[in-house]
Amino acid sequence: MAGRRHNTSSNRGLDGTVPPPEVDLSTPSIARSYDYILGGKEHFEVDRRITDAIYAAVPETGQIAKDNRNLLRRATRYLVGEAGIRQIIDLGSGLPTVGNVHEIAHSVDPGVRVVYVDNDPIVLAHGRALLSEENTTTVITADVRDPGSIFDNPAVTEFIDFDEPFAVMAVSILHHLTDDDAYATAEALKKQLTEGSYLLISNFLDDDEPRAKDLEKAFLEGGLGSGRFRTWAELRRFYEGLEMVEPGLVYGNDWRPDRLTLTDSPVHTLYAAGMGRK
Ligand SMILES: C[S@@+](CC[C@H](N)C(=O)[O-])C[C@H]1O[C@@H](n2cnc3c(N)ncnc32)[C@H](O)[C@@H]1O
């Protein structure tokens with residue numbers, strides 16, 4: 001489990017970098033905790049402490065993040081390679097890591113436009129550096145609960161032609177919202193979709209097994225304050241009004257698996273994914 005064994009109490013990143021001033025080190029960050037799980041370098045003591053508490057509840061938790069990144073790769077390849085999508089908005093994109101959406105998309109078609117959106121300022125700080133040479137990719141700071149701040153943002157309208165189909169990815173982000181916010185956000189996103197556009201969602205799954213309850217408790221009460229496990233019925237509501245892309249809403253690793261997808265993941269039943277088309 002990458003990231004798990006780092007043992008440093010410093011408030012520097014693992015590579016010794018000092019965080020930018022807008023980064024709040026007094027509260028844990030979802031983006032930095034996720035980076036820790038994926039074996040990145042942009043996390044601090046406060047993030048490692050709460051993430052280790054989550055690992056203590058269910059040691060195999062880190063595999064969810066890895067399986068989820070694998071899903072993101074497959075879904076991007078499907079969208080660009082099979083569905084003909086040339087514009088992608090990646091919501092709650094997280095810190096740049098191995099296999100970012102624009103890299104996967106550009107390996108199929110270098111002209112695909114990608115907008116990354118996250119509400120954590122550390123994502124913009126690192127995203128800008130990574131993307132400085134790119135004219136097909138951009139990153140903005142915005143909250144998905146306020147879709148206007150994304151869809152009316154000049155940095156986005158300049159990049160995305162909303163008269164043409166596009167894809168919105170909400171991968172492992174809606175479970176960090178309350179139920180009210182998550183459903184309102186999903187409805188608002190669906191309204192924004194042009195005909196022929198796609199919405200990809202992955203979320204922690206409550207498939208009636210004790211680990212889901214234990215993990216949800218560790219997420220909600222352990223310091224992060226978010227991380228909701230939702231039942232199949234609760235998840236299906238996100239896609240209402242959309243036509244589901246085969247195979248529908250399924251365990252994440254059952255969504256169009258390929259040779260790199262684990263068929264025996266220890267967390268197979270803890271997260272789900274589905275893609276809808278308007
Ligand atoms: C678990 S990470 C997922 C990263 C990436 N989508 C993936 O699946 O690999 C969740 C991301 O959502 C971001 N996030 C959480 N709440 C958000 C909100 N209300 N608006 C925008 N981003 C948010 C966090 O900062 C974090 O980077």
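Rule-based calculations on the coordinates, nothing more; no lab input. Just so you know, these numbers come straight off a predicted model, no measurement behind them. Counting neighbours? That spans all protein chains shown, and the Cβs are built from the backbone with ideal geometry, glycine included.
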Dipole magnitude of the chain about its Cα centre, charges +1 at Lys/Arg Cβ and -1 at Asp/Glu Cβ only, in debye to the nearest 20?
-> 620
Sorted by Cβ neighbour density within 10 Å, fewest at the top, the residues D120, D208, D67 | D208, D120, D67
Distance between Cα centroids, the range 183-225 to the range 38-100: provide it in whole Å.
-> 14
Using Cα pairs closer than 8 Å and at least 6 residues apart in sequence, work out the relative contact order for the chain, in percent.
-> 18
Enumerate the aspartates and glutamates that K278 could reach by cross-link, defined here as Cα to Cα under 19 Å, with residues fewer than 8 away along the same chain left out.
-> E82, D90, D161, D163, E164, E187, E195, E240, E243, E246
Equivalent ellipsoid semi-axes - Cα gyration tensor, the range 119-240, angstrom = 28, 19, 12
The range 227-271 scanned against label point 7 Å out from D208 along Cα→C-beta; backbone N under 19 Å for 229-237, 249-252, 268-271
Would you kindly state how much longer the chain becomes between R49 and A155 on full extension, computed as 0.36 nm times their sequence separation minus their alpha carbon distance, in nm to one decimal?
-> 34.6 nm
Can you give the helix-only mean residue ellipticity at 222 nm for the chain, where every DSSP H stretch with n ≥ 4 adds -39500 (n - 2.57) and the sum goes over all residues, rounded to the nearest 500 deg cm²/dmol?
-> -10000 deg cm²/dmol
For the chain, what does the equivalent ellipsoid look like in terms of its semi-axes, each the square root of 5 times an eigenvalue of the Cα gyration tensor, given largest first in whole Å?
-> 27, 23, 17
Using the charge dipole of the chain (Lys, Arg: +1 at Cβ; Asp, Glu: -1 at Cβ; taken about the Cα centre), state which of V139, S107, P154 has its Cα farthest towards the positive end.
-> S107
Using unit Cβ charges (K, R positive; D, E negative) and no other charged atoms, how large, in debye to the nearest 20, is the dipole of the range 53-122 about its Cα centre?
-> 180
Cα pair count fraction exceeding 18 Å, expressed as % - the range 230-278 = 31
Among the lysines, which fall within straight-line cross-link reach of K66, defined as a Cα-Cα distance under 19 Å, with same-chain neighbours fewer than 8 residues apart omitted?
-> K41
Which value, in debye to the nearest 20, describes the size of the charge dipole of the range 69-159 about its Cα centre when Lys and Arg Cβ atoms bear +1, Asp and Glu Cβ atoms bear -1, and nothing else is charged?
-> 340
Taking the C-alpha atoms of the range 170-216, convex hull volume expressed per residue in Å³ | 79
Rounded if a/c is under 1.5, else prolate if a/b is larger than b/c, else oblate: which is the range 194-233, with a ≥ b ≥ c the root eigenvalues of its Cα gyration tensor?
-> oblate
